[in-house]
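I have placed the structure first, in the form of C-alpha cells, so that the comments after it can refer back to it.
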Amino acid sequence: MMKRHPQTDFLQTEFSQTEFSMPPLWLFSDERLQNRLMDVVASLPVGSGVVLRHDDLPVGARYRLMRGVMRVARLRQLTVILAGEAAMARRWGAHGVHVRHHMAPPSGAARRGGFLVSMPVHNRREALRARKMGADIVFISPLYATRSHDGAAYLGDAAWRRLARDVGGAQVAALGGMSAAAARSLNRKRGSFHGRAAWAGIDALDQACSIKRAKRRKATLR
C-alpha cells in the first residue's frame, strides 16, 4: 500500500514514480455500484486506492464486503481505507480510516504502525480541521459538477487549489466530476499546493470497467 507505481493504465495521470507517494487513483465505493463493485475494484490499475463506504449496510454484510475487497487488494496492491471508526477499520484489516468531520479523531494508538487517516474537505473550515488533525490524505470535493450531488454548487479550479493549499502537507485528491483528463489539467495549473493531486471517482471508474468488459466480450467472439 501507499507505494509509488508507474502508470500502467489509461485511467491514471502522467506522474513519474518520484513525484507521487500515494495512489494516484481512488475509487469511492457507492451503493450505485451495487453488485458491480467487485468488478470495478478488480479493474483498477495496480497500486490504486479504495475508500469503502456503504455505511447503510448491516455490520455483517459490510464486513463481508470489506473482506472481499481486501482479497482483491492483496492481488492488485491496492490501498483500502474504510469509512467510519478507526478501531473498526483497524480490526477489519483496512490500511486506514476515512474520518467524517462529525466523528471523533482517531487516537494515537489507532494511528500507529503506518495506519492512514483520510478526511473529506468541502470548505476552508474543514480544510483547517483536517490540517489540525494531521490527516495523511484529504479528498477535496466537489471540484466539478457531479451526479452524486446533482445540481449542487461546485468549487471550480481556483477555489479547489485554495483548499489544497489550506490543508498543509497532506496528500490531496480531487473528487467530483473527475476523469484522468481533468486530473492532468488540474496538475498542469496546480499553483502553490503541496505536491501533485490524485483523483477519485465513482462513475468514471464504473464506466471504464464496463468498457473493459465489453472489449473482452468482443475479443472472445472473434
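The values are calculated or read from the model by the stated rules, or taken from the named source; none is laboratory data. Because the structure is predicted, anything quoted here is derived from the model rather than measured. Methodologically, a virtual Cβ is constructed for each residue, glycine included, from the backbone with ideal geometry; neighbour enumeration extends over all protein chains shown. Side chains are part of the model used for accessible areas, which takes the heavy atoms of the whole protein and leaves out ligands, DNA and RNA. Shrake-Rupley method; radii C 1.70, N 1.55, O 1.52, S 1.80 Å.
Restrict the check to the stretch 161-175 and report whether at least one residue is of a type in the set (S, T, N, Q), at pLDDT 85 or above and within 22 Å of Leu116 (Cβ to Cβ). Yes, some residue in the stretch 161-175 is of a type in the set (S, T, N, Q), at pLDDT 85 or above and within 22 Å of Leu116 (Cβ to Cβ). Put simply, of Arg53, Arg100, Arg36 the only residue that is charged (D, E, K, R) and out of contact with any helix residue (DSSP H, G or I) (no Cβ under 9 Å at 6 or more places or on another chain) is Arg100.
Only one of the numbered conditions (1) modelled with pLDDT under 95; (2) under 17 Å from Ala135 (Cα atoms) is violated by Met38, and that is (2).
Results for (1) over 19 Å from Gly201 (Cβ atoms); (2) open to solvent by 10 Å² or more (accessible area, probe 1.4 Å); (3) touching a Phe, Trp or Tyr at 6+ places or on another chain (Cβ under 7 Å), shown as yes or no for each residue.
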{"residue": "Met22", "(1), (2), (3)": "no, no, no"}
{"residue": "Arg32", "(1), (2), (3)": "no, yes, no"}
{"residue": "Val40", "(1), (2), (3)": "no, no, no"}
{"residue": "Ser43", "(1), (2), (3)": "no, yes, no"}
{"residue": "Gly47", "(1), (2), (3)": "no, no, no"}
{"residue": "Asp56", "(1), (2), (3)": "yes, yes, no"}
{"residue": "Tyr63", "(1), (2), (3)": "yes, yes, yes"}
{"residue": "Met66", "(1), (2), (3)": "yes, no, yes"}
{"residue": "Val72", "(1), (2), (3)": "no, yes, no"}
